[in-house]
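Here the structure is laid out as C-alpha cells; the discussion comes afterwards.
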Amino acid sequence: METKEILQALPSLSISDRLKIAESALQLVLQEKHSLTKDEQKRQLTLAAVTAIADYAPGSELDIFSDLEGEDFCDYPD
C-alpha cells in the first residue's frame, strides 16, 4: 500500500484504529532513530535545523512573536 492510499483510508477508520496506526508508526520511527549511528543522527539534526530556518525567517508565522520582545509580560497595577 502506498502512502497516498494509506492517507486516503485514514478518515474511514475508527479513532481506535487510527490511534493504533499512529502508535505503530511512532514505534517504528523510534526504533529506527535508536539504530542510527552518531553520524546519521548528526546529519538528521542538521537537516532538521536547515529545514527550520524558513520558519524563523522575517515574515514567517513564528517571526510574529519577535514583535513582543522588550514588552512587559503583564501590566501590574501600581
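Annotations
- Filter result for Thr3 (hydroxyl-bearing (Ser, Thr, Tyr), exposed (fewer than 11 other Cβ atoms within 10 Å of the Cβ) and either modelled with pLDDT of 95 or more or not assigned by TED's automatic domain parsing to the domain that holds Asp63 (or both)): yes
- Residues that are surrounded by fewer than 11 Cβ atoms within 10 Å (Cβ to Cβ), among the small types (Gly, Ala, Ser) and assigned to a helix (DSSP H, G or I) within the range 6-36 comprise Ser12, Ser16, Ser24, Ser35, listed in sequence order.
The values are calculated or read from the model by the stated rules, or taken from the named source; none is laboratory data. Please read all numbers here as calculations on a predicted model, not as lab measurements. Here Cβ is always computed from backbone atoms with ideal geometry, including for glycine, and neighbour counts include all displayed protein chains.
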